[in-house]
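Student: Please see the structure below; I have some questions.
The values are calculated or read from the model by the stated rules, or taken from the named source; none is laboratory data. Small disclaimer: the values here were computed from a predicted structure and weren't measured. Heads up, the Cβs are rebuilt from the backbone with ideal geometry, glycines too, and the neighbour counts pull from every protein chain shown. Side chains are part of the model used for accessible areas, which takes the heavy atoms of the whole protein and leaves out ligands, DNA and RNA. Shrake-Rupley method; radii C 1.70, N 1.55, O 1.52, S 1.80 Å.
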There are 2 protein chains.
Amino acid sequence: MSTIGKALSLLDTLSRLDKEVGLTDIARLCSLDKATARRFLVELEKHGFVEQDADSRRYRIGSAPVRLARIREARYPFLRVAVPFIKTLAESSAETVHLSEFSGGRLSTIHVEDPPRAHRIIVDVGSILPFHATASGLAFLAFCPPREIDAALQKPLEKFTDHTVVDPELIRGLLEETAARGFSISHQGLEAGVISAAAPVRAPDGRPVGCVAVAAPLSRTTKTAIHEFGAQAIAAANAISEKYYGSERLTGTSPKTRRRD
Amino acid sequence: MSTIGKALSLLDTLSRLDKEVGLTDIARLCSLDKATARRFLVELEKHGFVEQDADSRRYRIGSAPVRLARIREARYPFLRVAVPFIKTLAESSAETVHLSEFSGGRLSTIHVEDPPRAHRIIVDVGSILPFHATASGLAFLAFCPPREIDAALQKPLEKFTDHTVVDPELIRGLLEETAARGFSISHQGLEAGVISAAAPVRAPDGRPVGCVAVAAPLSRTTKTAIHEFGAQAIAAANAISEKYYGSERLTGTSPKTRRRD
DNA sequence: AGCTGAGGTTCAAATAATGAACCATAAGCG
DNA sequence: CGCTTATGGTTCATTATTTGAACCTCAGCT
């Protein structure tokens, strides 16, 4: 792997910890030599991507990404475009609606709207959504090129609940269903007692960039209701995509869909 | 320079352009070979730091920084902490108040509060504040270690208006004044007709991390008023620092102020 | 004192980055 | 149409950077 890749992986690892860590720890977590980790950290620090606490000497994410994110968001205000649709859906469905974005090989939650009622599903912003065990993950994968599906299913698949599907062939079945009807359903895949439906937000080239998902308590959710949520998620996802990518057509399969292969 | 540094500089360069650019352009702007620039871009793209438009093949900032920024902000919500103080100051001073943050070697505007009156100074979020020509820049530099002041003053100093001070020795004088009274004044340094006062927000180790600045039309601002703004900026900056860094002491010069030297 | 584990540094050896030259494609033009 | 000149993208021998075992230093602990 390139040096740049390793340094960015270190940054990624650092970002996934919930506390600041010391040099030795971060080196171990990244399987890097201490000296190497240190050089990376120094270099990343020079550019503001990490910060070292002056007292504890531990490292944390720096402020450079904040600046970059502001610029990116100023030009591509994905959240600002998407949030109103998520809000509307949370109101009309009266369930928790969350939006995820694919970044750095993972699908992570970038916004959550809680419905105006007490008994609801809690989803945290920033949480990572496993591809095989969440509605969002399935919805995302189902619209990916086959090669990426294969790659995702070759990795070890964690069994989060008794209901988590971990057999790659069964998952392929779910993905086909999802592709056919346009939305996915996760029946207690990540947490017991929770059912979700999700639809992908797709870029003009057809590639998914994230997902809209409705999560509801299993106890009060009928089969009809979850299908209705799925249909609403598709509508919201398409609306976001259309608004975000402007007048560019969502042309199913455009001549320039793929870059190389 | 290390490979990582070069790649991050490329990212920085890309972030400073107001439009997407092609491979040849970005290579030229970074003084890199085309092949090298391409490898960097591919590597950065793998990790979501840049994106390539599928049609135009041009590159732009990706979504990874957005994710990192969310994490950083979730743990260190600098803006959320600072904004209320900026708002209060904008109301009490009845002038535009802006907050800047040091990142990647530059001071950039991260928040602006407009006062509730028609005739006011406009400052854009995201704008870069030159060290020698703005109140924020001077306030920041004045509390930096001497080595960084030297470094900043060795670079070419652009003359933005007839009043911009570009003589390094005169600037050193301004910095001493600033350090002595705790806030800086910029008299039409960046734009004609504008006077500003700024104070640094400092980390517990004493290093400035950003600045609070009040910007007013020169025409209605007396010497007394600008000094009053300066004093209020100091108060706001210190309040932000105290709230952001928690109970840690702002100990003037702690034993561990510097990392090496 | 002596031990342990932290952060941080060194320098010969190993490896990855480099860039001139290359190809492919598209647009402009006589 | 063929030529020119852009663009994005790729190759591979050369070269410079990265690497990591061993090292140092400091703080806390026995």
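Student: Debye calculation, C-alpha points only, no solvent: report log10 I(q)/I(0) for region B:76-244 at q = 0.10, 0.20 Å⁻¹, in the same order as the q values.
Tutor: These q points yield log10 I(q)/I(0) values of -0.31, -1.35.
Student: Another question, then. Return a whole-number percent for the relative contact order of region B:34-184, with Cα pairs under 8 Å and 6 or more residues apart as the contact set.
Tutor: 12 percent
Student: Using modelled backbone amide H atoms (1.01 Å from N, in-plane), which distant-in-sequence or interchain residues come within less than 5 Å of A:Val21's amide H?
Tutor: Amide H neighbours of A:Val21, under 5 Å, 5+ apart: A:Tyr59.
Student: List the residues whose amide H sits under 5 Å from the amide H of A:Ile121, counting only those 5 or more places along or on another chain, with H placed 1.01 Å from N in the peptide plane.
Tutor: Placed amide hydrogens put A:Thr96 under 5 Å from A:Ile121.
Student: Simple spin-label model, 7 Å along Cα-to-Cβ: B:Ala35 to B:Leu17 in nm?
Tutor: Computed distance between label sites B:Ala35 and B:Leu17 equals 2.2 nm.
Student: Determine the shielding of peptide A:70-79 by partner chains: average, over its residues, the number of Cβ atoms on other chains within 10 angstrom of each Cβ.
Tutor: Mean partner shielding for this stretch: 6.
Student: How much net charge surrounds B:Val194 when only other residues with a Cβ under 15 Å from its Cβ are counted (Lys, Arg +1; Asp, Glu -1)?
Tutor: Spelling it out: positives minus negatives among the neighbours equals -3.
Student: Show that you can apply the helix-only estimate: for chain A, add -39,500 (n - 2.57) for every DSSP H stretch of four or more residues, divide by all residues, and state [θ] at 222 nm to the nearest 500.
Tutor: -14000 deg cm²/dmol
Student: Could you give the length gained by full extension between A:Val42 and A:Ile122, i.e. 0.36 nm per residue of separation minus their alpha carbon distance, to one decimal place?
Tutor: 25.0 nm
Student: For the interface of chains B and A, what total accessible area is buried with a 1.4 Å probe, rounded to the nearest 100 Å²?
Tutor: 4800 Å²
Student: Taking the mean number of other Cβ atoms within 10 Å as a proxy for protection, how do you rank A:234-240, B:79-85 from highest to lowest?
Tutor: Going from most to least packed, we get A:234-240, B:79-85.
Student: Summing Lys, Arg as +1 and Asp, Glu as -1, what charge do residues with Cβ under 15 Å from the Cβ of A:Leu29 carry, A:Leu29 excluded?
Tutor: For residues surrounding A:Leu29, the net value is +3.
Student: Quick check for me: using +1 on Lys/Arg Cβ and -1 on Asp/Glu Cβ, what's the dipole size of the protein assembly as shown about its Cα centre, in debye to the nearest 20?
Tutor: Rounded to the nearest 20 debye, it is 720 debye.
Student: Can I ask one more? Of all accessible surface on region B:3-66 at a 1.4 Å probe, what whole percent is carbon and sulfur?
Tutor: 46 percent
Student: Take B:Leu79 and B:Lys223, extend 7 Å from each Cα along the Cα→Cβ direction, and tell me the distance between the two endpoints in nm.
Tutor: 3.9 nm
Student: Mind checking B:7-17 for the average number of partner chain beta-carbons within 10 Å of each residue's beta-carbon?
Tutor: Averaged over the peptide's residues, the number is 4.
Student: Per residue of region A:60-76, in order, report the coupling 6.51 cos²θ - 1.76 cosθ + 1.60 (Karplus, θ = phi - 60°) as ³J(HN,Hα) in whole Hz, putting x for Gly and Pro.
Tutor: These are the phi-based 3J(HN,Hα) values: 8, 4, x, 9, 4, x, 5, 5, 4, 5, 4, 5, 4, 5, 5, 8, 10 Hz.
Student: Please work out the C-alpha center-to-center distance from region B:1-76 to region A:49-74 and express it in whole Å.
Tutor: 17 Å
Student: Given the pairs A:Lys155/B:Lys46; A:Lys6/A:Lys87; A:Lys87/A:Lys223, which are separated by over 28 angstrom at their Cα positions?
Tutor: A:Lys6/A:Lys87
Student: Turning to a different aspect of this structure: Hey, got the average number of other protein chain Cβ atoms within 10 angstrom for residues in B:35-43?
Tutor: 2
Student: Given contacts defined as C-alpha pairs under 8 Å and at least six residues apart, what's the relative contact order of region A:129-169, whole-number percent?
Tutor: Once normalised by length, the contact order is 36 percent.
Student: So which residue, out of B:Arg57, B:Arg16, B:Arg172, gets the largest mean-square fluctuation from a GNM of chain B using Cα contacts under 10 Å as springs?
Tutor: Evaluated over chain B, the most mobile residue of the options is B:Arg57.
Student: Calculate, for region A:76-244, the solvent-accessible area per residue in square angstrom, rolling a 1.4 angstrom probe over the heavy atoms of the protein chains.
Tutor: It amounts to 43 Å² per residue over region A:76-244.
Student: Please state the relative contact order of chain B as a whole percent: Cα pairs under 8 Å, 6+ residues apart?
Tutor: This gives 14 percent for chain B.
Student: Taking H as built 1.01 Å from N, whose amide H comes closer than 5 Å to the amide H of A:Ser127, not counting residues under 5 places away?
Tutor: Amide H to amide H, under 5 Å and 5 or more residues apart or across chains, A:Ser127 pairs with A:Thr109.
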